[in-house]
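This report refers to the structure that appears directly beneath it.
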Amino acid sequence: MNAKKVIIDCDPGIDDSLALMLAVASPEFDIIGITIVCGNVPTGLGAENALKILQQAQRLDIPVYLGATQPLKREYVSAQDTHGMDGLGESELPNVTTVRPHVGAIGFLNHTLQANSDVTVIALGPLTNIALALQQEPAAWQHVSEFVSMGGSFHSPGNCSPVAEYNYWCDPDAAQQVYAKMPVPIKMIGLDVTRQIVLTPSLLAYAQRVNPVVGGFIAQITKFYFDFHWQQERVIGCVINDPLAVAYALDPSLCQGFTSYTTVVTDGIALGQSISDTANFWHQPNNSLILTEVAAFRFWQLFLNRVINAQEPELSDILKQLHYTEAQG
Ligand code: BDR
Ligand code: CA
């Protein structure tokens, strides 16, 4: 099997960390680099967190690159209220000292894309790095094989305003530019699908039973996130957005949707809202695939198998016990 070359652009972040754990445990991926953008936490802290996850997975061979430290035009607003001041749920894990992040995420992205024509880019944070890379060397992006973005929302309410999702709200100018300039259709994993992926206390308990070390680590970093979801949204558990984008890149049959022209609002009360012109008012060519349906049963099968090494048939039996059904997908 030829592994898919992948670059993950992210802002770890609790759910970014779970996404990295899924990615590094997946033999279908050859992760050639991780680029960090300011988002959930400032860029330097995000890079430290990526290294912590790589150390935990014994994959410190994957290089981590520091990217943008502020959005293109707007003042930077982190999501440390959601992810903790350290970005990993106040877990206060020690920094990795044996390996340090590299500078130059934008150069790394463009150089890699210029030199290869089979690289998938998965963006799990605000799109600042991607917009800057596209501005600096648009020709490099003619080579990108696939671009997946966790962000935006079609019909689900926002999580930063009634209409805006955090990644696009944090840097709406970048998001707007990326939708305008990306030469391949953007596969948008928005809140419509990620809100259907809730790490519940039962799933977490199962993870801890099966794999006390990794399950315990997930419990440690998600406790803060669980508390935030209860206080903010009256959700028992936590919505883990970013792993779904990684899972979709592994198995596109996990989500279904429609193609459309999409843009992002850059000012006013709808700042950061993604708008998909489903009725073709604007007569613009389609630039996106908007995913609106997700096979939750199969997502959890994949995630729990890869991340905690849960095995069949017990894994499917437990999911059914927790009221997931194969029929729901
Ligand atoms: C997105 O915002 C961040 O807080 C998460 O990491 C995810 O990428 C969800 O809106
Ligand atoms: Ca993220």
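The values are calculated or read from the model by the stated rules, or taken from the named source; none is laboratory data. Everything numeric in this text was worked out from a predicted model, so none of it was measured. Positions of Cβ are generated from backbone atoms using ideal geometry, with glycine treated the same way; all protein chains shown enter the neighbour counts. We work out accessible area using only protein heavy atoms, side chains counted, and drop any ligands, DNA or RNA first. Shrake-Rupley method; radii C 1.70, N 1.55, O 1.52, S 1.80 Å.
The lysines whose alpha-carbon is closer than 26 Å to the alpha-carbon of Lys320, local same-chain residues fewer than 8 away aside, are Lys223. Across region 137-224, C-alpha contacts under 8 Å between residues 6 or more apart give a mean separation that, scaled by the residue count, equals a relative contact order of 29 percent. Relative contact order of region 184-329: 30 percent, from C-alpha pairs under 8 Å at least 6 residues apart in sequence. Around Gln256, under 13 Å between beta carbons, what's the net of Lys plus Arg minus Asp minus Glu among the other residues? Combined, the nearby Lys, Arg, Asp and Glu give -1.
Between Trp169, Trp230, Trp300, the residue with the greatest mean-square fluctuation in the GNM of the chain (Cα pairs under 10 Å linked by springs) is Trp230.
For the chain, the alpha-carbon coordinates run over 50, 48, 43 Å along the three principal axes, in decreasing order. For the pair region 1-56 / region 249-291, the C-alpha centres are spaced 25 Å from each other.
Within the accessible area of region 176-329, the carbon and sulfur atoms contribute 53%, probe 1.4 Å, all protein chains present.
In the chain, taking the dipole from charged Cβ atoms about the Cα centre, the farthest positive-side position among Ile31, Leu322, Ala139 is held by Ile31. Accessible area of Phe154 (1.4 Å probe, protein heavy atoms only, ligands and nucleic acids ignored): about 60 Å². In the neighborhood of Cys38, defined by Cβ-to-Cβ distances under 9 Å, what is the net charge if each Lys or Arg adds +1 and each Asp or Glu adds -1? Value of the local net charge: -2. Taking the average, over residues, of other Cβ atoms within 10 Å as the packing measure, peptides 136-142, 173-179 rank 173-179, 136-142 from highest down. Between Gln220 and Thr98, the contour length at 0.36 nm per residue exceeds the Cα-Cα span by 41.6 nm. Computed from backbone phi with θ = phi - 60° and the Karplus coefficients 6.51, -1.76 and 1.60, the 3J(HN,Hα) list for region 119-135 is 9, 8, 10, 10, 9, 10, x, x, 8, 4, 4, 5, 5, 5, 5, 5, 5 Hz; x is used for glycine and proline.
Restricting attention to the chain, close to 30% of DSSP beta bridges with both partner residues there are antiparallel.
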